[in-house]
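Just so it is clear, none of the values below were taken in a lab; they were calculated from the coordinates. Just so you know, these numbers come straight off a predicted model, no measurement behind them. Here the Cβ positions follow ideal geometry from the backbone for every residue, glycine too, while neighbour counts run over all protein chains shown.
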Amino acid sequence: MRAVSGESAAARALLSGAHRVVVFTGAGVSAESGVPTFRGPGGLWKTFRPEQLATPKAFARDPRLVWEWYGWRRELLASCRPNLAHVALARWMLQREGVTLVTQNVDDLHERAGTPELMKLHGSLFEDRCSGCGRAAAAHRRTDGPTDRDDGTMLPLCPECGALLRPGVVWFGEMLPPDALARAYQRAGEANAVLVIGTTGAVYPAAGIVHEARAEGAAIIVVDPGQTEYDAVADIRLTGPAGELVPPLLA
Ligand code: BJW
Ligand code: ZN
């Protein structure tokens, strides 16, 4: 583990003195668990084009391709474990009051680390939703359901209306869950400090939470090994991997 730097000590002091803290996480917090990020080196968007996979139009065009991609990501997650950053955050939240954890991640690693309360803004890889009637459904097994295509591909169908089930995540051009988004913005507006971990801050409206908090006077701490959209507004910037930098920050 790295020695605690002056910046890290300042961030620690700031967090322990803050009554209300919002922690805002992105794909980078799960990187050391083996989950690929989206935009960095080796990121998912380097290999796959989002417009081919993460939009309602893409699903309408080729649901099998989209399901294959999400099936691959579900399987990958099954072999991943929460890392030291997920665990430190969960313990910290159990020990003190006034912390809200908002994540853009669709993995389940914050939950598996024992996080007591979590706002998920982009849905979950482990839920399905009906593309017709919108009902939520537990994640199907890939072999469930009748076949609906001439090529024999098994695709999951809604038990209520018969339309195709789709992954329960938020795609480009879709609305975020309105209640979770409104609560996240509200908590951000009330926060004394925001701890941003592992996100480029490029995807809106989620990314705006940090700017909302800053406009209302919160201090911004960024933990990330790379450049982010928040670097210009951060009060403290800790450069490095979350699994190394987050535990000493919250100890
Ligand atoms: C480490 C590390 C280590 C590495 N430790 N760190 C305003 C301006 C411009 C555009 C828009 C705007 N408002 C809306 C838009 C359009 C669009 C958008 O934002 N586009 C931009 C990309 C330009 N937004 C939308 O379409 C949203 N919907 C919407 O606006 O609806 C409007 C509407 C209104 C009324 C009716 C209907 C609609 C929806 C956005 C949904 C995004 N979904 C995704 C996919 C989810 C499903 C899936 O996973 O397949 O969510 S996109 C993808 O990006 C995913 C992520 O949650 C999200 C954010 O990515 P994140 O977490 O920041 O990852 P990376 O890879 O970018 O960054 C990783 C970071 O980790 C890096 O900084 C690394 O350095 C770091 N890192 N290792 C710590 N060890
Ligand atoms: Zn349905």
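Among residues of the stretch 101-125 that are within 9 Å of ligand 1 (Cβ to nearest atom), those with a Cβ under 8 angstrom from a residue that is assigned to a loop (DSSP other than H, G, I, E, B) and of a type in the set (Asp, Glu), sequence gap 6+ or separate chain, pair up as 125/107; 125/108.
Can you confirm whether the stretch 216-226 contains a residue that is of a type in the set (D, E, K, R), in a loop (DSSP other than H, G, I, E, B) and within 16 Å of ligand 2 (Cβ to nearest atom)? First the steps, then the outcome.
So in the stretch 216-226, the residues of a type in the set (D, E, K, R) come out as 216, 224.
Going one step further and asking which of them are in a loop (DSSP other than H, G, I, E, B), we end up with 216, 224.
Next, only the ones that are within 16 Å of ligand 2 (Cβ to nearest atom) stay: none.
Scanning the stretch 216-226 turns up no residue that is of a type in the set (D, E, K, R), in a loop (DSSP other than H, G, I, E, B) and within 16 Å of ligand 2 (Cβ to nearest atom).
Count of the stretch 77-109 residues, restricted to those that are of a type in the set (Val, Ile, Thr) and outside any strand (DSSP E or B), is 2.
Applying the criterion of being among the basic types (Lys, Arg) and in a helix (DSSP H, G or I) to the residues of the stretch 46-57, the residue that is farthest from ligand 2 (Cβ to nearest atom) is 46.
For the stretch 43-70, which residues satisfy the criterion of being small (Gly, Ala, Ser) and surrounded by fewer than 14 Cβ atoms within 10 Å (Cβ to Cβ)? Lay out the reasoning, then the answer.
Going residue by residue through the stretch 43-70, those that are small (Gly, Ala, Ser) are 43, 54, 58, 60.
Scanning the stretch 43-70 gives a single hit, 60.
Just wondering, is there one or more residues in the stretch 158-169 that are away from ligand 2 (no atom under 16 Å from the Cβ), of a type in the set (Gly, Ala, Ser) and surrounded by 17 or more Cβ atoms within 10 Å (Cβ to Cβ)? The answer is no; no qualifying residue exists. The set of residues in the stretch 193-211 that are touching a residue at least 24 places away in the same chain (Cβ under 8 Å), of a type outside the set (Gly, Ala, Ser) and either in contact with a helix residue (DSSP H, G or I) (Cβ under 9 Å, 6 or more places away or on another chain) or more than 6 Å from ligand 1 (Cβ to nearest atom) (or both) comprises 194, 195, 196, 197, 199, 200, 205, 209, 210. Name the single residue that is farthest from ligand 2 (Cβ to nearest atom) among those in the stretch 118-142 being touching a helix residue (DSSP H, G or I) at 6+ places or on another chain (Cβ under 8 Å) and small (Gly, Ala, Ser). Applying the filter and picking the extreme gives 139. Does residue 74 qualify as being away from ligand 2 (no atom under 16 Å from the Cβ) and assigned to a loop (DSSP other than H, G, I, E, B)? Considered against the rule, which asks whether it is away from ligand 2 (no atom under 16 Å from the Cβ) and assigned to a loop (DSSP other than H, G, I, E, B), residue 74 comes out as no.
Out of 9, 60, one residue alone is closer than 26 Å to residue 221 by Cβ and either near ligand 1 (Cβ under 10 Å from one of its atoms) or in a helix (DSSP H, G or I) (or both). It is 9. Across the stretch 230-250, the number of residues qualifying as within 12 Å of ligand 1 (Cβ to nearest atom), surrounded by 16 or more Cβ atoms within 10 Å (Cβ to Cβ) and part of a loop (DSSP other than H, G, I, E, B) comes to 2. Pairs linking a residue in the stretch 225-251 that is more than 24 Å from residue 90 (Cα to Cα) and free of Cβ contacts under 8 Å to residues at least 12 places away in the same chain to a residue that is surrounded by fewer than 20 Cβ atoms within 10 Å (Cβ to Cβ) and not aromatic (Phe, Trp, Tyr), with Cβ atoms under 8 Å and 6 or more positions apart or on different chains, are 231/237.
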